[in-house]
Amino acid sequence: MLGRLALAGVMIAMAGPIFADGGDEAVTTFELSNGMQVVVVEDHRAPVLQHMVWYKAGSADEPLGESGVAHFLEHLLFKATDNLESGELSATVAANGGRDNAFTSYDYTGYFQRVAADRLELMMRMEADRMVNVRLTERDIETERDVILEERNQRIENNPRALFSEQKNAAQYLNHRYGVPIIGWRHEMESLDMDDAMSFYSTYYAPNNAILVVSGDVDPVEVRELAEQYYGVIPANPDLPERIRTQEPPQTAARRITFKDARVAQPYVSRSYLAPERNSGAQQKAAALTVLAEILGGGTTSFMAERMQFDEPVAVYTGAYYNGTSLDDTTFSVIAVPSEGVSLTEVEAAIDETLAAFIKAGVDEEQLDRIKMKLRASQIYARDNVDGIANRYGRALTSGLTIEDVQAWPEILQAVTGDDIVAAAREVLRPETSVTGWLMRDDEVTQ
């Protein structure tokens, strides 16, 4: 029995399988009496499974002045517990032929193990243990604080593109925590201590703030029994705070940044616009933006590529990006890397002209049909990966969506019309909601 786990009666509300597009994906969901949601996605083609615990707490939920604590705690949870030595969990997974890791985002923190199907109980026992029984020392704090600072050095400080993106993001979000880097600002990371980590842990690492997703060669009845045994006995946190965040004021003026760094190998222009996320029961606008990103910047046959790389070769690369799976407003972004001899001023003007031309011309129906077929194929291929399946549900559920929303998404994408896409472009691609950034070398002029 886990050290601090109090026995509790466990009751669940079992839902029958929900079948996805084409009946190929069966999902069973239930909730433990302590509030923990469990999602089981069956795929019996290979004797493997993915076991994931998702916490509905990420960097955007951190207290002011403690940026990076969510990611810091993620590192610390690989240390000792009441029942495991430091590093023993990962060593046990590896000894059983599996792999494990964890990740932190704005809206969630996740921990996973991918193992043979007959190792599910062992994974649950260890993961439930660290949900409540982590045991940290001051040495752990010092060591892992150095680790995350070095990680920032490698991923951010040594990468001008990452530094540029960080500054552009901060300019986009003046009030929301999405403007703070997930890894944290260095000066705040340097002061993270035991109290910061344990406060975040005791507040958010509780079953009523967690979602268990198990995908692969599993039986929902067995998953239910094991979830009751290992997770169901963990008490809920009665003081779990509401997930209320500071929101952005209306953005009414275009913003610009110029970032210069001697290490820049290739200057480029990047622009982001505030955009709505996928909302539960109302995903149509996000679907239109998803398809819009493919039409504008999804490869060499995209609208931006044809006009800016081939018709008038002012750019060697163009792209458009949108990821609507977030709890709060997200961004729609475009990028253009200028051709040799083309200035950033010229390539930015070409971006403006191209976006305006698209809105005026509308959507080519043949291209739309090709993109829909591409999206359908990618969704079908994604079912071959138990990791991808579990991630798809975990990201959605921790971002305010439901299983029904996840299941409906493929058909909502297929139902998008050209008029929907142009309407979404008109609404989102407005200068007053944008941040335009120039990434430049030190010796370049801004004209």
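Does region 211-257 classify as rounded, prolate or oblate by the C-alpha gyration tensor (a ≥ b ≥ c root eigenvalues; a/c under 1.5 gives rounded; else a/b over b/c gives prolate, otherwise oblate)? Taking the square roots of the gyration eigenvalues as a ≥ b ≥ c, region 211-257 is oblate.
When the convex hull of the C-alpha atoms of the chain is computed, what volume per residue in Å³ does it have? Before the final figure, lay out each step's value.
Details: hull volume 66.9 nm³, N = 447.
Output value, Cα hull per residue: 150 Å³.
Report, ordered by chain and residue number, the lysines lying within cross-link reach of LYS285, taken as a straight Cα distance under 29 Å and ignoring same-chain residues fewer than 8 apart. In chain and number order, the partners are LYS56, LYS168, LYS360, LYS372, LYS374. Axis of helix 365-382 versus longest Cα principal axis of the chain: the two differ by about 20°, to the nearest ten degrees. With the highest mean first, a sort of the peptides 433-439, 88-94 on other beta-carbon atoms found within 10 angstrom per residue produces 433-439, 88-94. If you run the Gaussian network model on the chain, springs between alpha carbon atoms under 10 Å, then out of GLN266, GLN414, GLN251 the most flexible one is GLN266.
Of the residues SER215, GLY388, PHE164, the one whose Cα sits farthest toward the positive end of the charge dipole of the chain, with +1 on the Cβ of Lys and Arg and -1 on the Cβ of Asp and Glu, is PHE164.
The residues of the chain expose on average 43 square angstrom of accessible surface per residue, using a 1.4 Å probe on protein heavy atoms. Over the chain, DSSP H runs of length four or greater, each weighted -39,500 (n - 2.57), average out per residue to a 222 nm ellipticity of -11500 deg cm²/dmol.
Taking GLU242, GLU340, GLU144 in turn, the Gaussian network model of the chain (Cα-Cα springs below 10 Å) assigns the largest fluctuation to GLU242.
Once neighbouring chains are kept in place and the probe is 1.4 Å, which whole percent of the accessible area of the chain is contributed by carbon and sulfur? Working shown, then result.
On the way: 9640 of 19170 Å².
Its accessible area is 50 percent carbon and sulfur atoms.
For region 250-321, rounded, prolate or oblate, judged on the Cα gyration tensor with a ≥ b ≥ c (square roots of eigenvalues), a/c < 1.5 rounded, else prolate if a/b > b/c? Before the final figure, lay out each step's value.
Details: a/c = 2.56, a/b = 1.30, b/c = 1.96.
In terms of gyration-tensor shape, oblate.
Counting Lys and Arg as +1 and Asp and Glu as -1 over every other residue whose Cβ lies under 12 Å from the Cβ of LEU163, the net charge comes to +4.
Rounded, prolate or oblate for region 138-210? Axes are the square roots of the Cα gyration tensor eigenvalues, ordered a ≥ b ≥ c, and the cut-off for rounded is a/c under 1.5.
Working: a/c = 2.49, a/b = 1.32, b/c = 1.89.
Oblate, since a/c reaches 1.5 and b/c is not below a/b.
What separates the Cα centres of region 62-111 and region 275-330 is a distance of 33 Å.
If we count every other residue with Cβ under 14 angstrom of ASN175's Cβ, Lys/Arg +1 and Asp/Glu -1, where does the sum land? Don't jump to the answer; show the numbers that get you there.
Details: positive: ARG177, ARG245, ARG255; negative: GLU248, ASP328, ASP329.
Net local charge, ASN175 excluded: 0.
Around the Cα centre of the chain, unit charges on the Cβ atoms of Lys, Arg, Asp and Glu (plus for the first two, minus for the last two) sum to a dipole of about 320 debye. Working from label points 7 Å from Cα in the Cα-to-Cβ sense, the ALA94 to TYR321 distance is 3.1 nm.
Only Cα sites of region 83-194 enter the Debye sum here, all with the same form factor; the resulting log10 I(q)/I(0) across q = 0.11, 0.13, 0.18, 0.22 1/Å is -0.51, -0.69, -1.05, -1.23, listed in q order. Rounded to the nearest 10 degrees, the inclination of helix 220-230 to the longest alpha-carbon principal axis of the chain is 70 degrees.
The values are calculated or read from the model by the stated rules, or taken from the named source; none is laboratory data. Worth saying up front: this structure is predicted, and the values here are computed from it rather than measured. Positions of Cβ are generated from backbone atoms using ideal geometry, with glycine treated the same way; all protein chains shown enter the neighbour counts. The area values use the complete protein model at the heavy-atom level, side chains included, leaving out ligands, DNA and RNA. Shrake-Rupley method; radii C 1.70, N 1.55, O 1.52, S 1.80 Å.
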